[in-house]
Each structure stands twice: as structure tokens, then as C-alpha cells.
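> Dropping a structure here in C-alpha cells format, bear with me for questions.
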Protein chains: 2
Amino acid sequence: MPLNENKSHGVPKSHPRFSSLKYRHKIIEGMKNLVVAEAGLIAHGRGECFDYIIGEKTIKTAKNAINAAVAVLLTAKRPVISVNGNVAALVPNELVALSKLLNIPLEINLFYSKEGRIKAITEVLKNAGATDIKGTNEDMMTELTGLESNRRKVDFIAKADVVMVPLEDGDRTETLKKLGKMVIAVDLNPISRTALWADITIVDNIIRVIPEMIETAKQFKKLNKKELIEIVNNFNNKLNIQKTLDLIIDYITKQKEEAFKILE
Amino acid sequence: MPLNENKSHGVPKSHPRFSSLKYRHKIIEGMKNLVVAEAGLIAHGRGECFDYIIGEKTIKTAKNAINAAVAVLLTAKRPVISVNGNVAALVPNELVALSKLLNIPLEINLFYSKEGRIKAITEVLKNAGATDIKGTNEDMMTELTGLESNRRKVDFIAKADVVMVPLEDGDRTETLKKLGKMVIAVDLNPISRTALWADITIVDNIIRVIPEMIETAKQFKKLNKKELIEIVNNFNNKLNIQKTLDLIIDYITKQKEEAFKILE
């Protein structure tokens with residue numbers, strides 16, 4: 001159920017940075033509700049910056065990666081979507097809708113553990129309609145070998161073949177890959193360790209990615225397995241990241257003159 | 001007095017991201033002490049990202065801007081350095097050292113006002129040895145016309161000819177310019193409104209800028225007025241920003257191959 005977001009942070013809808021300020025507010029509120037870690041605010045800022053230099057829109061290479069990601073999730077045996085605090089704070093409704101549409105569980109997996117955080121995130125997801133939430137009972141969890149952080153504690157992820165990791169840290173992505181899992185990452189930094197290690201890297205803002213994945217999933221559900229596998233096989237992640245860097249270079253090159261127009 | 005920073009956030013000095021994590025910790029601590037606004041964490045994250053794409057070092061164009069900035073501050077009639085929460089949290093000792101070396105007051109000026117914030121920042125600056133702090137008594141302040149945010153409330157800034165604004169918002173920079181003041185900005189985003197509006201834009205991390213300015217000021221104090229004015233006259237801010245964008249493009253171009261080497 002969407003909130004009256006226009007009122008929630010006192011910024012008028014006409015403000016040129018309305019959307020950015022709205023999600024910034026959600027992250028800050030998330031911190032106050034224990035959902036978001038303090039370092040999650042800093043991570044959100046890093047994302048904002050990278051979003052600027054792709055022009056704050058879903059660029060073509062991101063759409064290619066989204067197509068491959070949805071095709072993989074539709075053909076996987078035991079896929080799972082990992083959820084952290086920032087994702088839960090930013091797009092809980094959309095995430096639950098995607099999870100239900102693809103019939104894939106959500107697993108809470110946090111870098112920063114803190115008393116009450118898992119419970120707070122579980123509440124957010126339940127309020128958004130989630131019924132299949134993993135990673136909520138630490139006693140039932142196993143540990144990924146080769147990973148020191150709190151992220152090592154996993155539930156369904158331990159036996160998953162495909163793990164979608166929106167807003168992830170590099171160490172875990174590397175570990176998941178080394179354990180033979182296929183990793184789908186959403187990361188605005190195209191050359192973060194996560195972006196480089198993942199099999200499919202979606203360089204785009206999570207607030208645009210999940211709705212786009214939902215639309216894509218609705219279409220791709222009509223395709224057969226062979227067609228889906230072809231989409232995956234035609235996708236080259238390294239090349240796609242390099243093309244993303246080209247688009248960023250194009251954007252910055254254009255800004256060498258464009259940016260100064262505000263002074264005219 | 002430097003803290004034992006190695007212990008303060010539990011990250012070993014050998015960690016490849018030690019410096020970044022140390023300052024991230026200072027910002028989070030700053031928030032807990034009221035010095036930093038919540039949105040200041042997000043702003044810090046944006047800075048981190050832009051710092052990546054200049055290679056986390058003081059690039060040549062930043063050094064050019066630092067030279068021009070120091071020369072201007074040494075020849076100005078009534079210069080002032082504006083201080084916000086993030087700057088106070090990150091480099092209080094360095095800031096006070098620069099202020100004393102140049103004999104320039106510090107003025108606390110905040111976008112996010114909150115009960116106790118000015119007092120908290122004053123404490124931080126006093127602990128760092130500051131004796132000349134402006135902007136601490138709201139009753140004594142005037143308001144800049146044309147500015148809606150809390151930043152409109154100013155003290156010494158009202159009559160200053162040169163204002164150095166480290167980590168600034170675009171609205172105030174524009175207002176200061178329109179009031180005929182010369183603005184020196186420190187901003188990691190080379191095409192933010194602040195960066196574009198300022199007379200001298202230092203695109204570099206504040207943690208490197210202030211120490212570099214201190215070293216430069218020690219040298220430039222030996223120059224005469226004519227020599228200092230020549231340094232200022234030879235500086236072209238638009239061209240310098242465009243060259244900064246070129247350096248960023250070079251960096252990203254190099255990353256198209258370099259970045260993937262971590263997978264080898």
C-alpha cells in the first residue's frame with residue numbers, strides 16, 4: 001500500500017529532485033526503524049552518484065541485463081532473492097510482487113547484524129504482503145565457507161542454484177560464485193567487485209529495476225524454455241559492462257558543454 | 001589531537017579500504033553526536049563514489065584549483081571559511097590549522113538545523129583549537145536574500161568578499177555568487193550546481209584538500225601580492241572543470257580492461 005509520499009518528507013512534487021529526495025527520505029526513515037544500517041545511508045549516497053552518471057534512467061545495457069536476469073530466474077531450479085535493509089526500505093511492495101510473480105522466496109541477509117534488524121525487515125516485507133520469507137531464524141541457518149562477515153549466515157541460499165543479490169557487497173558475491181552459484185547483481189557501480197564477479201550485472205537504480213523486472217517477467221512467462229535459454233546465452237556480462245562504461249563516457253563527454261548551460 | 005583511529009572502528013590498518021572506512025566511521029560517529037545530519041551520510045556516500053572515479057587522489061586539476069584558492073584567500077579583504085557538519089566531523093584539526101595559518105574565521109552554516117547541532121559543532125571546533133568561530137549565535141545573524149533554506153542565516157559571511165564553501169549545496173553557492181561574493185568550493189562532483197557556479201572549484205576529497213591547502217599556504221605566504229594575483233588570473237575554472245572531466249573519462253576508459261583483472 002503506497003504511502004502519501006508527497007506529504008511524508010515535505011518536498012513538493014514539483015521539485016526537480018523530488019524522486020531522489022523521496023527515496024533519500026525512505027532510507028533515513030528506514031534507519032530510524034532499524035531496517036537500514038547507518039552505513040546503508042552512505043551506500044545509498046554512492047548509488048545516487050553513479051545514478052547521475054548514467055543519467056538517472058534505465059540505459060540499454062541495463063535492459064539487456066534485466067532480460068537475461070528474468071530469463072534465468074524463470075528457468076532456475078532453486079532461485080532465491082536476497083534482501084538487505086536498503087532494498088526493503090526502498091521497494092518492499094515491488095520486491096514482494098516480483099517474488100510472487102516468479103514464485104521465488106525472499107531471504108533476508110544482512111552485512112550489519114543488529115538486535116531487532118531481521119525482525120524489523122520481516123515486518124516491512126510482511127506488510128508488503130510477503131508470505132515466503134527465509135533467513136528469519138538464525139538457529140536454522142548454515143554458514144557459507146570462505147566468508148567472514150555476517151552475510152555468511154544463510155538459509156535457502158545455501159542450496160540455491162541462482163541467487164539474485166540487489167545492493168550487495170563484493171566479498172559475498174565472490175563467495176557465492178566460488179561455491180558454484182549463478183549470481184544476478186543489481187549495482188549502480190559498474191566496476192564494483194560485485195558487478196565484476198556476478199554472472200549478470202544490472203547497472204541501474206533498484207527503484208527502476210524491480211518494476212522493470214516485473215513487466216519483463218509478465219512478458220517472458222509466455223516464452224518457452226528454449227526461448228528463455230537463448231536470451232541467457234546471447235548475454236555477455238563483461239561486454240555489457242564495457243558498453244555501460246562507454247555510455248557513461250558518452251554522458252560525461254556531453255556534460256563538458258551541457259553542464260555549463262545552467263549558468264547562461 | 002589525533003585519536004587512535006586504528007582502534008576506533010575495528011578495521012585493521014592493512015585493510016585495502018582502511019582510509020575510506022575510517023572516514024565513513026567518523027561520519028557515522030558524527031551523526032550520533034549531532035554534528036552530522038542524517039542526509040550528511042548520504043552526501044558522504046555520493047562523495048565516495050566521485051572519489052572512486054578520480055582515482056582517490058589529488059589530480060592535477062585539483063592542485064591547480066587549490067593553488068588559486070590559497071592565492072585568493074591570501075589576498076582577500078574579508079575571507080571566511082564556511083563549516084558544515086560533515087567537514088567538522090571529517091577534518092576538524094586540519095580546518096582549524098588552516099584557519100589559523102591564513103588568519104581567517106570559521107563560520108558554522110548548516111543546511112539542516114536541529115536543536116543542539118550548532119553547539120555540537122562548536123564543541124568539535126573548540127576541541128580542535130578554534131578560537132574564532134562565527135555563526136554560533138542565531139540572534140546576532142542576518143539573512144541572505146534569495147535563499148530559502150536554513151543556510152540563509154549568516155554572520156560574518158554577510159559582509160565577506162570571499163567565501164570558501166567546502167561541501168556545499170547549489171542554492172547557496174548560486175545566492176552567494178548573485179550577491180557578488182567570490183566563492184571557493186570543494187566538491188567531488190565536478191558538475192554539481194555548486195561546482196559550476198563557484199569561481200574556484202576544487203574537485204577533490206576534503207580529507208586531502210585541507211592538508212594540501214595548509215602546505216600550499218606555507219609556501220605562498222612567501223610570495224608577494226603581485227605573484228599571488230598572477231596565480232589567480234592564470235586560473236580558468238570552466239577549463240579546469242572540463243579538464244577534470246577529461247581525466248575522469250581517461251580513468252573510466254582505462255577501467256574497461258583494468259577492472260576485470262581482479263577476476264584473473
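> What's the ranking of A:173-183, B:110-120, A:70-80 by average number of surrounding C-beta atoms within 10 Å, highest first?
A:70-80, A:173-183, B:110-120
> May I pose another question? Output wanted: per-residue J couplings in Hz (rounded whole) for the range A:115-131, from phi through Karplus 6.51 cos²θ - 1.76 cosθ + 1.60, θ = phi - 60°, x for Gly and Pro.
Working through the residues one at a time gives 3, x, 5, 4, 5, 4, 5, 4, 4, 4, 5, 5, 4, 8, x, 5, 10 Hz.
> OK, next. Return the average number of partner chain Cβ atoms within 10 angstrom of each residue Cβ along peptide A:190-198.
Counting other chains' Cβ atoms within 10 Å and averaging over A:190-198 gives 3.
> Just tell me how shielded A:255-263 is by partners: mean number of partner chain Cβ atoms within 10 Å of each residue's Cβ, no decimals.
Mean number of neighbouring Cβ atoms from other chains: 5.
> Please turn the phi angles of the range A:238-253 into ³J(HN,Hα) values with the Karplus equation 6.51 cos²θ - 1.76 cosθ + 1.60 (θ = phi - 60°), one per residue in order, whole Hz, x for glycine and proline.
4, 4, 5, 5, 4, 5, 5, 4, 4, 5, 5, 4, 4, 4, 5, 4
> Say the dipole of the protein assembly as shown comes from +1 at the beta carbon of Lys and Arg and -1 at that of Asp and Glu; which of A:G30, B:L95, B:I118 then lies farthest toward its positive end?
B:L95
> In debye to the nearest 20, how big a dipole does chain B give about its Cα centre with +1 on each Lys and Arg Cβ and -1 on each Asp and Glu Cβ?
Value, rounded to 20: 480 debye.
> Using the Karplus curve 6.51 cos²θ - 1.76 cosθ + 1.60 with θ = phi - 60°, work out ³J(HN,Hα) for each residue of the range A:76-88 in order, rounded to whole Hz, and write x for Gly and Pro.
6, 7, 9, x, 8, 10, 7, 10, 10, x, 4, 5, 5
> Still on this model: In the Gaussian network model of chain B, springs joining C-alpha atoms below 10 Å, which of B:G135, B:G55, B:G47 carries the largest mean-square fluctuation?
With Cα springs under 10 Å in chain B, the top fluctuation among B:G135, B:G55, B:G47 is at B:G55.
> Turning to a different aspect of this structure: Considering the options B:L239, B:L263, B:Q219, tell which one lies farthest towards the positive end of the dipole of the range B:184-264, charges being +1 on Lys and Arg and -1 on Asp and Glu at the Cβ, about the Cα centre.
Most positive-ward Cα: B:Q219.
> Using the crude model of +1 on Lys and Arg Cβ and -1 on Asp and Glu Cβ, and no other charge, please compute the dipole size for the protein assembly as shown relative to its Cα centre, in debye to 20.
So the magnitude is around 100 debye.
> Round to a whole angstrom and tell me the spacing of the C-alpha centers of the range B:24-44 and the range A:17-33.
A separation of 15 Å, based on Cα centres.
> Loop only per DSSP, at most 15 neighbouring Cβ atoms within 10 Å: give me the trypsin sites (Lys or Arg not before Pro) in the range A:186-264, ordered by residue number.
Here the trypsin sites (Lys or Arg not before Pro) that fit, given the DSSP loop and packing criteria, are A:K221, A:K222.
> How many nanometers, to one decimal and shortest first, lie between the label point of B:G55 and those of its other copies, if labels sit 7 Å from Cα toward Cβ?
Label point to label point, same position, other copies: 2.8 nm.
> Could you pull the copy-to-copy label distances for B:P211, with points set 7 Å along Cα to Cβ, in nm to one decimal and sorted shortest first?
Here B:P211 shows inter-copy label distances of 4.5 nm.
> Here is a follow-up. Lys and Arg at +1, Asp and Glu at -1: add these up for the other residues within a Cβ distance under 9 Å of B:K153 and post the number.
-1
> Measure out, as a whole number of angstrom, how far apart the alpha-carbon centroids of the range B:118-155 and the range B:79-101 sit.
13
> Provide the percentage of antiparallel DSSP beta bridges, counting only those with both residues in the protein assembly as shown; round to the nearest 5.
Looking only at bridges with both residues in the protein assembly as shown, the antiparallel portion is about 10 percent.
> Suppose every Lys and Arg Cβ carries +1 and every Asp and Glu Cβ carries -1, with no other charges. What dipole size does the range B:34-157 come out with about its Cα centre, to the nearest 20 debye?
Computed about the Cα centre, the dipole is about 380 debye.
> Work out the charge dipole of the protein assembly as shown with +1 on the Cβ of Lys and Arg and -1 on the Cβ of Asp and Glu about the Cα centre, then indicate which of A:T201, B:S19, A:I249 is farthest towards its positive end.
A:I249
> I would also like to ask the following. Share of antiparallel DSSP beta bridges in the range B:129-231, in percent to the nearest 5?
Percent antiparallel among DSSP bridges in the range B:129-231 is about 20.
> Between B and A, which B residue has the Cβ nearest their rotation axis, distance in Å?
So the closest residue, with its distance, comes out as B:G45, 1.
> Another question, then. So if R0 is 60 Å, what FRET efficiency would A:E123 and B:N103 give, r being the distance between their Cβ atoms, rounded to the nearest 0.05?
0.60
> Take the Cβ-Cβ distance between A:L21 and B:S149 as r, set R0 to 22 Å, and report the resulting FRET efficiency rounded to the nearest 0.05.
Approximately 0.95, to the nearest 0.05.
> Under a 5 Å amide H to amide H cut-off, with H placed in plane at 1.01 Å, what residues pair with A:I202 once short-range neighbours are removed?
A:A185, A:V186, A:D187
> Taking a temperature of 37 °C and a viscosity of 0.692 mPa s, what whole-number D in µm²/s does Stokes-Einstein yield for the protein assembly as shown with Rh from Kirkwood over alpha carbon pairs?
134
> Roughly what would the spin-label model give for A:L179 and B:K77, points 7 Å off Cα along C-beta, in nm?
Distance between label points: 6.8 nm.
> Next question, about the same structure. Based solely on its DSSP helices, what 222 nm [θ] is calculated for chain A when runs of n ≥ 4 H residues each add -39,500 (n - 2.57) and the sum is averaged over all residues, nearest 500 deg cm²/dmol?
Helix contribution divided over all residues of chain A: -16000 deg cm²/dmol.
> Restricting to chain B, compute how many DSSP beta bridges are antiparallel as a %, nearest 5.
Working: 2 of 18 bridges.
Beta bridges within chain B, antiparallel portion: roughly 10 percent.
> Compute the distance in nm between two label points, each set 7 Å from the Cα along the Cα-to-Cβ direction, one at A:K13 and one at A:Y251.
2.6
> Something else about it: What are the nm distances, shortest first, from A:R78 to its equivalents in the other copies, labels at 7 Å along Cα→Cβ?
Here A:R78 shows inter-copy label distances of 7.2 nm.
> Within 10 Å of each residue's Cβ, count the other Cβ atoms and sort B:E56, B:E148, A:E258 from fewest upward.
Arranged by neighbour count, lowest to highest, B:E56, B:E148, A:E258 become B:E148, A:E258, B:E56.
> What is the mean number of Cβ atoms from other protein chains located within 10 Å of the Cβ atom of each residue in peptide A:53-61, rounded to a whole number?
1
FYI, it's all coordinate maths here, none of it is from the lab. Values in this document were obtained by computation on a predicted structure and should not be read as measured data. Here the Cβ is made from the backbone with ideal geometry for all residues, glycine too, and neighbour counts use every protein chain on show.
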